[in-house]
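A short reminder: the numbers here are calculations on the coordinates, not readings from a lab. Since the structure is predicted, the reported quantities are computational estimates derived from the model, not experimental observations. No Cβ is skipped: glycine too gets one built from the backbone with ideal geometry, and neighbour counts run over all protein chains shown.
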Amino acid sequence: MEEHCADVDPKVTEERLALLSVLQELTVAALDLLDPNKPADSFLDRVAERLGCMVALWLQTDAQGRVRLQGTSGLSTASRQLPIPCPSESPLARGPAELELPYPELASPGLVRWSVPITDSGPGAGHVSSALLLYFDREPHLPRQYRGMVERLGRVLRTALIHRQLFARTLDSERDLHQQKTLLESLSEASVEGILIASPDGRILTHNRRFVEMWGLEEEIQSASNALLLRAISQLVEEPARFLARAASFFEHVNTSGHDELRLKDGRVFDQYNAPVVSADGVYYGRAVYFRDITARQRTERDLQRERDFSSAVLDTARALVIVLDPEGRIVRFNRACQEMTGYSFEELRGAHFWKRLQPLEERERVEANYAVLAAGQGHEQYESHWLTREGELRLISWSSNVLRGETGAVEYVIGTGIDITEQRRAEQERDQTFQREQQARARAEEQEARSALLAEASGLLAGELAPEDALRSVAALTVQRFADWCTVDLLDADQSFQRITEARSEALRAMSPARVLCSPPDLNAAHGPGRVLRLGEPEFFPEGCPSAALGCMKDSQGEAGVVEFESWMSVPLLARGHTLGAITLARSEAGGRYGPAEFALAQELGRRAAMAVDNARLYQQAQMAIGLRDEFLSIASHELKTPVTSLQLSVQGLMRLTRTGSLRTAPVETVTHSLEVIERQAKRMAKLVNTLLDVSRIHAGRLDLELEEVDLAALVRDIAARFAPELATSGTRLLVHADTPMPGVWDRSRLDQIVTNLLSNAIKYGEGRPIEIRVEGDAVTARLEVRDQGIGIPVERHVRIFRAFERAVSSRHYGGLGLGLHIVNQLVERLGGSVRVESETGRGATFTVELPRRGPSVSPPGREGLPDSGLQS
């Protein structure tokens, strides 16, 4: 195809007038293009008719570079539907000659195309946006000026296109504005809020139907006066002055906005939001007020709050523990029961992970892992765990858990309901323990019953015999029947020597050991066995029977000796009033089983009762002896008192006879003097006897007071020796005193005098007239007094007894006295902090040695010691 560009002939001719007529006609037709709603086909049909072209096309590119057909003439309807290919570059940029169009009408050979570019000079111009293409079946026979006319027509089209686009934009803006207004009115009418918009000068610009429904002020609204409307609204609210003041403040401060709650007199409550109406570029158009009726909402909120309060009260008054947790384990709800049990308030624990605050340290990791499984909707719903209180106490809780899921099915909360079962579990444990204890107690009771029966029978045997040896033999026989396979009883005498009272064996032991069994007596120096028990007074218990050799049981079988082995044995002392009286030894063979603590306690109780029986028997014997001593003392005391009383009576009777006969004045002086001397001597003797008895009574009553002072023992002994000179002369006894060296000390002079006097009197009494020697010596600490006679002496076995009350070394038939002199000496010496001892043999005299600390007694005098029931205690 060829393009021809004819030069325009500037000469005004008739053709030019025709051309102008055509151009004017087409320009008028182009005015229709100003309306974007009218198609361009009519204009192109007019162009094709006037120019005689076969096809006329108007092509335009959009912003994406796609080519669109804006109008056509000469194309079929089917051709118009064909898409135009979109090359990589704008087809108009390539030029009309290079544009490839898909229309069949353009495939005829020999077509001539005129291309008239139309440039867009509007916003975004600067490129060819559209073109007019004219196709002729042959070279058109048109004047050359038509080419220029066509180009001018392109400029007209360009202007028309600009106006068309502007008009299209205006129509779009009007349409958008109408759409937005319609949408705004629809939204306003559909809103649940009452809306009122007022201009800056106080005119009502618009309102919605909801506003009228809420306030019911149609006349005031129709008045279009915002001030009138505000006054009418103020009459409906509870605080009109405040409402008007707030409204005025909003109009005064145009940039402020805010919420208010309006309470109407009819009980309704409105939420008011007042805000300025401002465009994007800051132009102020007035104020918009939005009213929302929140009466139902507040009622609902109050109902919900009451429901929450009710639920909270139910949870708080429930005895069960209720805790609500989020999926991360943080505490959301914590009822009163939880607070009372843990000691924490809800505010202290709100938002905290419960395992960090309420679980013991050793359980936190496990509980956290288990909760992660539970919060995922899995895990156990029933479980037990410990909670740690503020005070550090562990409480055991039985939990029942449930999860609350949201709309998506995800876990939102975990609710745990628990019961504190600490006391219940303790009660169950105590119940089980009580049951076990009952079972054990029943077994122990049966065993105790058997032991009690044994003790009762043993007590009957012990109480039924006055001789303790016979009772102990019976008890030993009883024990080998029920309690032991082998039993021995050993008793200690007063001199710490012992004797084996009995040895008993059970039938089972005899059957097991048919050979001869020899048991040696206990060794008091042995490390174990009955000898050690007798020596120390402490029990021995060997539940496993080691060492059996300590029992000293040997078996002799066919000339071969061996130790009798026992499975278990024990030996208990017989203790009474702090003294060891003997020992009971019990042993079991393998067939009898081992002894346990209960059997050991039984043996000790048996030993206690046996000791009581032995002690009672010995006390009975001592009581019998004391009664005998008392009777002997009363006899001696009566005799000792009767002698001076008789002498007194005779002397007094003699003087009375002389007085009655009137011979007293004429009687010889020697006779009266002798009688008075006898009376004085016997009175002194009686006073001495009475004072001796009183001293004994005071000593044993603990009421003997000492008056300590510095006394020279040597000088005191010499004075006493001088005082005894008449008595020594009467008995024909020579006294040797070795007391030349002073020996001062802190003592009671009268009691020290009494000690020396009693020892010297005793030596004169039993010395048989032979010489007596008194010696005083000592060192810086101790003073020593020694009184030696050569009289009848004292048997060795009586050395201890002679210092007891009413005891004597010889019979009272041969020697007078109350038997209290040496006893008083012993008591006084002890109270002065010293000691007294005797060395004597029968027929070889006696030496009494008293040692006293020179500084006096260092401790308080001992208390009263028991006396036999002699009637002399005060």
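Ranked by how many other Cβ atoms sit within 10 Å of their own Cβ, fewest first, the residues LEU491, LEU161 fall in the order LEU491, LEU161. Counting 0.36 nm for each residue step from ILE627 to GLN382 and taking away their Cα separation leaves a gain of 79.7 nm. Here the simple spin-label model places points 7 Å from the Cα toward Cβ, and for ALA369 and ARG268 these points are separated by 6.3 nm. Net charge in the neighbourhood of GLU567 (other residues with Cβ under 10 Å of its Cβ; Lys, Arg +1, Asp, Glu -1) is -2.
Given the Cα-Cα distance of LYS765 and SER186 and 0.36 nm per residue of separation, how much length would full extension add, in nm?
On the way: separation 579, 0.36 × 579 = 208.44 nm, distance 15.16 nm.
Extra length from LYS765 to SER186 when fully extended: 193.3 nm.
Just want to confirm a number: the relative contact order over the range 155-288, from Cα pairs under 8 angstrom separated by 6+ residues, in percent. Kindly include the intermediate steps, with their values, before the conclusion.
Values: 144 pairs, mean separation 22.8, N = 134.
About 17 percent, as a whole number.
Taking θ as phi - 60° and the Karplus parameters 6.51, -1.76 and 1.60, the scalar couplings of the range 68-83 work out to 10, 8, 8, x, 8, 8, x, 9, 6, 5, 5, 5, 4, 7, 6, x Hz in sequence order, x denoting glycine and proline. For the pair GLN653 and ARG175, label points projected 7 Å from Cα toward Cβ lie 17.8 nm apart. Taken along the Cα-to-beta-carbon direction at a fixed 7 Å, the label points for VAL563 and LEU82 span 13.4 nm.
Note on the range 191-293: the C-alpha convex hull projects to 6.1 nm² when averaged across all orientations.
Suppose the chain between GLU151 and HIS253 were pulled fully straight at 0.36 nm per residue; how much longer would it get relative to their current alpha carbon spacing?
Working: separation 102, 0.36 × 102 = 36.72 nm, distance 6.22 nm.
Length gained, GLU151 through HIS253: 30.5 nm.
Could you give log10 I(q)/I(0) at q = 0.15 Å⁻¹ for the range 305-420, computed by the Debye formula over C-alpha point scatterers of equal weight, without solvent? Per q value, in the given order, log10 I(q)/I(0) is -0.64.
If you filter the range 361-426 for chymotrypsin sites (Phe, Trp or Tyr not before Pro), then keep DSSP loop positions with at most 11 other Cβ within 10 Å, what is left?
On the way: sites: TYR371, TYR383, TRP387, TRP399, TYR413; in loops: none.
Sites meeting the loop and neighbour criteria: none at all.
Nothing charged except the Cβ atoms of Lys and Arg (+1) and of Asp and Glu (-1): what's the magnitude of the dipole of the range 153-285 about its Cα centre? Round to the nearest 20 debye. Write down the numbers at each step before the final one.
Details: 15 positive and 19 negative charges, 153 e Å.
Around 740 debye, computed over the range 153-285.
Cross-link partners of LYS356 among aspartates and glutamates, defined as those whose alpha carbon lies under 14 angstrom from its own and excluding same-chain residues fewer than eight positions apart: GLU328, GLU348, GLU365, GLU368. How high is the FRET efficiency between PHE346 and GLU447 when r is their beta carbon distance and R₀ equals 45 Å, given to the nearest 0.05? Calculated transfer efficiency: 0.20. Under 5 Å from the amide H of SER225 lie the amide H atoms of ILE204, each residue being 5 or more positions distant or on a separate chain, with H modelled from the backbone and absent for Pro and chain starts.
Restricting attention to the range 356-433, which trypsin sites (Lys or Arg not before Pro) occupy a DSSP loop and are surrounded by at most 15 other Cβ atoms within 10 Å?
Details: sites: LYS356, ARG357, ARG364, ARG366, ARG390, ARG395, ARG405, ARG425, ARG426, ARG431; in loops: ARG390.
Listed in order of number, the matching sites are ARG390.
With K and R counted +1 and D and E -1, the other residues having a Cβ less than 13 Å from that of PHE354 yield a net charge of +1. Once the gyration tensor of the Cα atoms in the range 447-625 is diagonalised, the equivalent ellipsoid follows with semi-axes of 26, 19, 15 Å, ordered largest first.
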